[in-house]
Each structure stands twice: as C-alpha cells, then as structure tokens.
1. Evaluate the stretch 78-92: report whether one residue or more is surrounded by 12 or more Cβ atoms within 10 Å (Cβ to Cβ), at pLDDT below 95, in contact with a helix residue (DSSP H, G or I) (Cβ under 6 Å, 6 or more places away or on another chain) and in a helix (DSSP H, G or I).
2. Quick check on my filter: what residues within the stretch 58-70 are touching a residue at least 24 places away in the same chain (Cβ under 8 Å), assigned to a helix (DSSP H, G or I) and not β-branched (Val, Ile, Thr)?
3. Of the residues 43, 51, which is touching a residue at least 24 places away in the same chain (Cβ under 8 Å), farther than 29 Å from residue 196 by Cα and not in a loop (DSSP other than H, G, I, E, B)?
4. Which pairs have Cβ atoms under 9 Å, sit 6 or more apart or on different chains, and link a residue in the stretch 1-13 that is closer than 26 Å to residue 181 by Cα to one that is assigned to a helix (DSSP H, G or I) and not hydroxyl-bearing (Ser, Thr, Tyr)?
5. Mind checking which residues of the stretch 104-119 are modelled with pLDDT under 90 and either more than 18 Å from residue 43 (Cβ to Cβ) or surrounded by fewer than 11 Cβ atoms within 10 Å (Cβ to Cβ) (or both)?
6. Scan the stretch 120-132 and tell me whether some residue there is small (Gly, Ala, Ser), surrounded by 17 or more Cβ atoms within 10 Å (Cβ to Cβ) and over 20 Å from residue 161 (Cβ atoms).
Amino acid sequence: MNKKITKVFIIILAWLALIYPLWVRIQTLQWDFNLNTWSLNLFPLFGLIAFILLWFHSLCGVFEDWLKEYIDFDWFVHVTSIIILICIIAHPLLLFIGMDFSISNIFFYYGARSLWFVIIAWLLLISYDVGKMLKKYNFFAKNWHNILAISNIGFLMTFFHSLILGSDLQSGPLKYIWIFYGTTAIMAITYTYGIKRFVIK
C-alpha cells in the first residue's frame, strides 16, 4: 500500500509541477482568429513544457534507482524525450511563424546577443537527440555520457534564457518557482555528472 501511495504522490507532484506554470501563463493570453496571435501565444507554452520535462530528467539522474521502484522509468524517459524533441522544435518554429517568417523581426524584437545565446543552447540541447539517433555508431556510443553532459549544458543555458526573456518569469510566483527549478537542476546535474560519476564510482 505504501508503494502505491508513493507512486500516486510522485505522479501528482509531477503533474502539478508541469500544469501550474502553464496555467499561470495561459491566464495572461488573449486569443483571436489570427495565425500570428495563435503562434505567439503557443510558442512559450512549448518552451515551458520542454524546460519542465528536462528538469524532470535532471532529477531522474539523481533519483533513478529510487524511482525505478515506483514507476516505469524507461517508459517515462522514452515518452518525455519524444515530447521534449517536439517542443524544442515547435517552440522556435511557432515564434518564426508568429513573426511573419522573418528572422530579422525576431532579432530586432529580442536582440542579437540573447538570440545567439539561445541558438547555441538549442544546438547543444538537440545533441541528445542527434546522438541518440546515431548511437549505433561506435563514436557516439563511446561518447554517450559526454553527449548527455553537452545536452545538459544546453538545458542550463535555456534556464538563463527563459529567466531573461520569459515575460511571466520576471516577477511573481513563477519567477521563484523557476529559480527553484533552475537551482535544483544545476545541483542535480552537478551531482550526476560530477560527484556521482567521478567520486562515488
């Protein structure tokens, strides 16, 4: 019985961690029948989903052995990895559509420095999916842990990107929740790719 209660508790916490930021963001949106409006309203939601699921993954690196006792861990990682890939593609694509397919408009609105920062973060982040597809080749298999580390650097860069550009993350409850997500992610990644890998083993 305790195992079932713990499993339900984990699931509820995970859903709350995902749904609450989306709910707060959705409350601020205004909708009409314009494609640009829909695109610009949806693009940050995909970014939020991707970040939170990546945060889950960072925590999984710390609690993997414990979580395997309560959830289908491999299924969870597989499904959320697919969702993350969809989200990190849809996030910039929807922004591109909302800005009338104009890269210059995007650079003008957000600033070149911020955009180049997030472009680098995106490329580092997508290295996970590229490496996963090419894992059958010896080079990528041998360097899988390095690919994971590179991808996580990209993830941490997206944290700072979201704090700088996320309109709902500048103040209010989401700002502090996001700082909590980012801080715990940094701690988890440091443990997984530092302490756990080089000290404990």
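The values are calculated or read from the model by the stated rules, or taken from the named source; none is laboratory data. All values derive from a computational prediction rather than experimental measurement. When we count neighbours, we look across all protein chains shown, and the Cβ atoms used for this are built from the backbone with ideal geometry, even at glycine.
1. No; the residues of the stretch 78-92 include none that is surrounded by 12 or more Cβ atoms within 10 Å (Cβ to Cβ), at pLDDT below 95, in contact with a helix residue (DSSP H, G or I) (Cβ under 6 Å, 6 or more places away or on another chain) and in a helix (DSSP H, G or I).
2. 58, 59, 61, 67
3. On the way: 51 fails: farther than 29 Å from residue 196 by Cα.
43 is the lone residue from the list that is touching a residue at least 24 places away in the same chain (Cβ under 8 Å), farther than 29 Å from residue 196 by Cα and not in a loop (DSSP other than H, G, I, E, B).
4. Taking only residues 6 or more apart or on different chains, the pairs are 10/67.
5. Of everything in the stretch 104-119, those that are modelled with pLDDT under 90 and either more than 18 Å from residue 43 (Cβ to Cβ) or surrounded by fewer than 11 Cβ atoms within 10 Å (Cβ to Cβ) (or both) turn out to be 112, 113.
6. Taking every residue of the stretch 120-132 in turn, at least one turns out to be small (Gly, Ala, Ser), surrounded by 17 or more Cβ atoms within 10 Å (Cβ to Cβ) and over 20 Å from residue 161 (Cβ atoms).
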